[in-house]
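To start, the structure under review is shown below, and the notes come after it.
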Amino acid sequence: MVVPVLAADLTGGADARRWPVFAQRAVELGVRAVFSVPLGSDAVAIGSLDLYRRSPGPLTPRDTAGAFTASDAITLALMRAQAQAEDMTAQSSGEPTSWLDAAESGHEEVHYATGMLMVQLGVDPQQALARLRAYAYTQGVTATEAAREVLARRVEFDE
């Protein structure tokens, strides 16, 4: 099930403990609260609407309603754009015909790299994916780019 993530205080408490590295970096940049509302349906997320605030505290009921209304509007716009792209003829070059095709193109590589890290490190899938994401974060690259490095055996992880 896809649910929103509402972190009202990155300066301390449960939110800071849940994401210690992210919270520290966000606070250094002046962010005290972050709210991530999924784009898509209850079953499938195609992205998220991320809202950041300089002061800690929960969203007001009005702001919460506005965030969900905006996420619904963005989801509808993206689905319409995808439908229009699917109506067009695919380019002979084999390039993705829409933003969604491009976004999905890296998922397979991330899954394969996660499997390689599971074997290499002797960990479960969640831990392997977390290690891959952590590596990507520290290197300033996307998870897909980090996965490509793992698949090409240009980077190895220690236990």
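Overview of values
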| item | result |
| --- | --- |
| Tally of residues being assigned to a loop (DSSP other than H, G, I, E, B) and more than 17 Å from the chain's Cα centre (by Cα) across the range 37-61 | 7 |
| Verdict on Val34 being assigned to a loop (DSSP other than H, G, I, E, B), touching a strand residue (DSSP E or B) at 6+ places or on another chain (Cβ under 7 Å) and surrounded by 11 or more Cβ atoms within 10 Å (Cβ to Cβ) | no |
| Residue match in the range 12-21 (condition: touching a residue at least 24 places away in the same chain (Cβ under 8 Å) and within 22 Å of Ala134 (Cα to Cα)) | yes |
| Selected residue [in the same structural domain as Arg32 (by TED's automatic domain parsing), modelled with pLDDT of 80 or more, in a helix (DSSP H, G or I) and not hydrophobic (A, V, I, L, M, F, W, C)] from Thr64, Thr144, Thr114 | Thr64 |
| Test: residue in the range 83-96 that is at pLDDT 70 or above and surrounded by 13 or more Cβ atoms within 10 Å (Cβ to Cβ) | no |
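The values are calculated or read from the model by the stated rules, or taken from the named source; none is laboratory data. Everything numeric in this text was worked out from a predicted model, so none of it was measured. Neighbour counts run over all protein chains shown; Cβ positions are idealised from the backbone, glycine included.
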